[in-house]
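The values are calculated or read from the model by the stated rules, or taken from the named source; none is laboratory data. From a predicted model like this one, the values you see are computed outputs, not experimental measurements. Cβ atoms come from the backbone with ideal geometry, glycine included; neighbour counts cover every protein chain shown. For accessibility, only protein heavy atoms count, side chains too; no ligands or nucleic acids. Shrake-Rupley method; radii C 1.70, N 1.55, O 1.52, S 1.80 Å.
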Amino acid sequence: MFSRSCISLLELASGEMLNFPQTPRALTKVMTLQGVIPDAKNSDGINNEGVYVPPSEICEKKIIVANFLPLHAQKDTKSGKWCFSFDEDAILFPLKDCFSSGTVVIFVGSLKVDIEASEQEEVSQKLLEEFNCVPTFLPSELHKKYYHGFCKQYLWPLFHYMLPMCPDHSNRFDRQLWQAYVSANKIYADKVMEVINPENDYVWVHDYHLMILPTFLRRRFTRVKLGFFLHSPFPSSEIYRTLPVRDEILRALLNVDLIGFHTFDYARHFLSCCSRMLGLEYESKRGYIGLEYFGRTVYIKILPVGIHMGRLESALNHPSSSVKVKEIQEQFRGKKIILGVDDMDIFKGISMKLLAMEQLLQQHPEFRGKVVLVQIVNPARSTGKDVQEAKKETYSTTRRINQVFGFPGYEPVVLIDRCVPFHEKTAYYSLAECCIVNAVRDGMNLVPYKYIICRQGTPNMDKAVGFASDSPRTSTLVVSEFIGCSPSLSGAIRVNPWNIEDVADALNVAITMPALEKQLRHEKHYRYVSSHDVAYWSRSFMQDLERACKDHYRKRCWGIGFGLNFRILSLSPSFRKLSIDHILSAYKRTNRRAIFLDYDGTIVPESSIVKTPSPEVISILKNLCSDPKNTVFIVSGRGQNSLSEWFAQCENLGIAAEHGYFIRWSSTSSWETSSSAIDFEWKQIAEPVMKLYTEATDGSYIETKESALVWHHLDADPDFGSCQAMEMLDHLENVLANEPVVVKRGQHIVEVKPQGVTKGLVAQKVLSMMISNGNAPDFVLCIGDDRSDEDMFESISSTSYNPSQPVAPEIFACTVGQKPSKARYYLDDTVDVITLLKGLAADSSLKPRCNWEIQAPFENIM
């Protein structure tokens, strides 16, 4: 079905869709050689003058791409000049100092102010030279639709589990806003292209504002080293699948090499969406989670961001902090401070925090006059009716609590609704008996980390507060279960923010907790937070990105797909599509050919409801089998009765059923069974276990074969079926540990079968028989689509060649689908397989074979 969101990238890039003015001309290239600022290069490393710059001599850059640059901007009213300084509150600001001294860090993003078009070029040059920043100037109308429209009024609520059920609280999907989002991402990508050297540089894209930027970069540079980190939650598949452009965003994210998330929950939701919507399965490889996507492995990293330790300690040692601490001590003398620091938005749970404070004072009158909640409200990051409603509710609840429980000299809730300087916040952190983060949904939230470090103190702060340097440090945290930092704070009191009574009880526990317990909890938290700071986070992510990109130049890459469905096909240099002309040439000049064909997924589509072979397939196989130079085998996991019935017309066709447990050379031959399996008592152990999982897994069923038992979960819920399959695999391996069987997991199946029964052994037996009879093959073709066929691919390479042969045989091991395989060749699908076989059949001689030619050798097969 055609999706209107699959629009051409060229249409968006042209500006015809939204008719926004173009950005200024390209910036001068960032210095890559000492003392040299080269002109723009193409993807081969050749500059405009045709001079090749060896990649080994180029300085490596880390290009950090985010919605906003970590800068403050202010225009001097007298001179009319723009003044800039680093924004030390920006979460990405510390990245400029987190890497090795030889690394150049470039920031790409927008400014928080509007710059006139006539000033943009001068500002761009100034920011590049003085701050290593590359600004993206979005037209005001585009920025409004992109940031305040699609990002803040649609994506952000959706990623925080708020569906646009009611237009009053969030916007429903708007195609124009989506197109603005795409156009803005394209502008950001263009700016990255101006400063990147794709052979050496690493690009790190941040957050949901730029989720489709990777597609634009990957389209331009197929081997770009690209990472992405999501700072917000990633919603469950039930929420995400409501997004009309869900596939486009998923495919864009899969164009990176490494995707980072704060928690396993967020990563799990992303993987579930990839499974349910794109049919992709993930694997854990030596501790790393990877998704196989068109020959590339997209790695998943789970690591919460940390804080900038140096900045916090500097703020604590600042004289302004010491002065502020003394003011706060005097203001709240004799009272315990509960501190909350939140942005003003509907997801921070400020009003519910206030209700919990109200509940606490109702249940514990003894706290009145002794406990105060200081709530610092940071300015809202977005505008809208929901923010205004949240603010109104916060103020009304605060007034009510103060009127009911307050008295002269005591206000239970102190609401600070202004831009609070960082040194003032550190003073509050240092003095707070308890810190509460009550968000109903938040990506990470670093407030608890900052609180812990400030409670640890510094010599200057200790002096200001009046602590002895050797006195034990304490802190207590009440955190919501639904914020990203919660899993890493095992010593915190976790609460469900929707349960007001539960939060009130947690506050009571935190305030009355024994000092020793507070100390132990604090020490545990401090060890983690201090060792997992932002420098650790950034270095760890970049190390994994380097590892994820190490195979970039070992594979061949092709760009496939149109518009936002663009992706990269990455294959080994020796792995290529099987050309009909190439194999037909070999087919014509050889005389002793062995052909092995899988059934499901190879000559019949895996997704087909009709599993019987088509008349066309029967005709092709009859023609191939009629050639006396050919030995043709169907090697399948299906049972002997089905296969013998379906291929009754192909008299000279060999069939290996149940992965080779049953085998026959032609329709006139009798079935032979493998001598490796004669005892099937293990079925009495395995079948009850499989029935247990079948009853518990809707959509699954058991296929009973003479030699094997197969549990199918193709029609079950993808996540649950996969989980049950892994659990069943472990269960069966344990109960069948002493039985002569193997338990294997395949594509949507778990199979138990006798040891020594594989498709590889079938190929080995047939080829060995041909060699022993003096008919060593000079042409071997093997085509299959799943894991069981990999045994055949390996077997034909090791068995086909007879040292007495003057020339090695032509071997064509071919997998169906573009995926990692032991085969050297691939065909895209069953249509390609039938086309190839049709070409071989057309060339085959129609000379009938004599029965003795077919049957005589079979007697020696076993």
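Overview of values
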{"quantity": "Any hit, the range 224-236, residues being within 27 Å of W537 (Cα to Cα) and part of a helix (DSSP H, G or I)", "calculated": "no"}
{"quantity": "Contacts under 7 angstrom Cβ, first residue in the range 731-742 being over 19 Å from T758 (Cα atoms) and assigned to a helix (DSSP H, G or I), partner open to solvent by 50 Å² or more (accessible area, probe 1.4 Å) and of a type in the set (A, V, I, L, M), 6 or more apart", "calculated": "V735/I685"}
{"quantity": "Only listed residue being part of a strand (DSSP E or B) and either touching a strand residue (DSSP E or B) at 6+ places or on another chain (Cβ under 6 Å) or more than 24 Å from D343 (Cβ to Cβ) (or both), chosen from S101, S85", "calculated": "S85"}
{"quantity": "Inter-residue pairs, beta-carbon under 6 Å, first under 16 Å from A252 (Cα atoms) and in the range 545-570, second at pLDDT 80 or above and of a type in the set (D, E), 6+ apart", "calculated": "L564/E248"}
{"quantity": "Unmet criterion (only one of (1) out of contact with any His (no Cβ under 8 Å at 6 or more places or on another chain); (2) surrounded by fewer than 17 Cβ atoms within 10 Å (Cβ to Cβ)) for S320", "calculated": "(1)"}
{"quantity": "Single residue of the range 462-492 satisfying the filter (open to solvent by less than 20 Å² (accessible area, probe 1.4 Å) and among the hydroxyl-bearing types (S, T, Y)) that is farthest from S351 (Cα to Cα)", "calculated": "S475"}
{"quantity": "Subset of the range 498-537 (residues that are assigned to a loop (DSSP other than H, G, I, E, B), free of Cβ contacts under 8 Å to residues at least 40 places away in the same chain and under 16 Å from L354 (Cβ atoms))", "calculated": "N499"}
{"quantity": "The range 756-768 - residue that is over 14 Å from I595 (Cα atoms) and not small (G, A, S) and, of those, surrounded by the fewest Cβ atoms within 10 Å (Cβ to Cβ)", "calculated": "L761"}
{"quantity": "Subset of the range 675-705 (residues that are farther than 24 Å from M726 by Cα, touching a residue at least 12 places away in the same chain (Cβ under 8 Å) and out of contact with any strand residue (DSSP E or B) (no Cβ under 7 Å at 6 or more places or on another chain))", "calculated": "S675, D679"}
{"quantity": "Among the residues listed as K819, K753, the single one being assigned to a strand (DSSP E or B) and not hydrophobic (A, V, I, L, M, F, W, C)", "calculated": "K753"}
{"quantity": "Given (1) open to solvent by 10 Å² or more (accessible area, probe 1.4 Å); (2) touching a strand residue (DSSP E or B) at 6+ places or on another chain (Cβ under 8 Å); (3) hydrophobic (A, V, I, L, M, F, W, C), index of the condition L571 fails", "calculated": "(1)"}
{"quantity": "Within the range 256-297, considering residues that are in a loop (DSSP other than H, G, I, E, B) and of a type in the set (A, V, I, L, M, F, W, C), the one least open to solvent (accessible area, probe 1.4 Å)", "calculated": "V256"}
{"quantity": "All positions within the range 82-102 that are free of Cβ contacts under 8 Å to residues at least 60 places away in the same chain and surrounded by 14 or more Cβ atoms within 10 Å (Cβ to Cβ)", "calculated": "W82, F84, F86, D87, A90, K96"}
{"quantity": "Looking only at the range 299-323, and only at residues there that are aliphatic (A, V, I, L, M) and under 15 Å from M444 (Cα atoms), the one that is farthest from the chain's Cα centre (by Cα)", "calculated": "I307"}
{"quantity": "Single condition E651 does not satisfy, out of (1) surrounded by 15 or more Cβ atoms within 10 Å (Cβ to Cβ); (2) in contact with a strand residue (DSSP E or B) (Cβ under 9 Å, 6 or more places away or on another chain); (3) assigned to a loop (DSSP other than H, G, I, E, B)", "calculated": "(2)"}
{"quantity": "Entirely in the range 131-195, the helices (runs of 4 or more DSSP H) that have 3 or more residues that are of a type in the set (A, V, I, L, M, F, W, C) and open to solvent by less than 20 Å² (accessible area, probe 1.4 Å)", "calculated": "175-195"}
{"quantity": "The range 34-81: number of residues that are over 21 Å from V192 (Cβ atoms), open to solvent by 40 Å² or more (accessible area, probe 1.4 Å) and at pLDDT 80 or above", "calculated": "8"}
{"quantity": "Residues (farther than 30 Å from E88 by Cβ, touching a strand residue (DSSP E or B) at 6+ places or on another chain (Cβ under 9 Å) and open to solvent by 40 Å² or more (accessible area, probe 1.4 Å)) located in the range 400-430", "calculated": "E411"}
